[in-house]
Amino acid sequence: MSGTRTVIDTVGFSGSIAGRPPRFGGFTAPEVMVRIKCDVHGWMNAYAGVLNHPYFAVTANGGAFELKNLPAGTYTIEAWHEKLGTSTQSVTIAEKETKDVNFTFKAAAP
């Protein structure tokens, strides 16, 4: 299988195997988060967010993130974790203002 890659997800995505047309035609609406997995190697997977705006971030080591050039306004910020779900907070930001937003996720009880 070296040199080939197949990915599928919950919406029927098919990757690029030579001679096989893709079954996935694209997204028509935002999707957060779409799981992408290899149908050959069960341990290989990733997640992708499809958004209709440029305001998103991936956390750095330690969990820090930054949303640059966010216009003034009130927003709902959502953090997502593949096992712990989502957490949201409302934040109001003025022009040229910087604010800290902290998210805490709790693991489910055993």
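Read-outs: derived from the displayed coordinates by stated rules, not from any lab. Since the structure is predicted, the reported quantities are computational estimates derived from the model, not experimental observations. With ideal geometry, Cβ positions are generated from the backbone for all residues, glycine too; neighbour counts draw on all protein chains shown.
A compact table of results
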| item | result |
| --- | --- |
| Amide H contacts under 5 Å for Ile36, placed H, 5+ residues apart | Ala46, Tyr47, Ala48 |
| Separation of the Thr74 and Met33 label points, Cα + 7 Å toward Cβ, nm | 2.9 nm |
| For Phe65, net neighbour charge (Lys/Arg +1, Asp/Glu -1) across residues whose Cβ lies under 14 Å away | -1 |
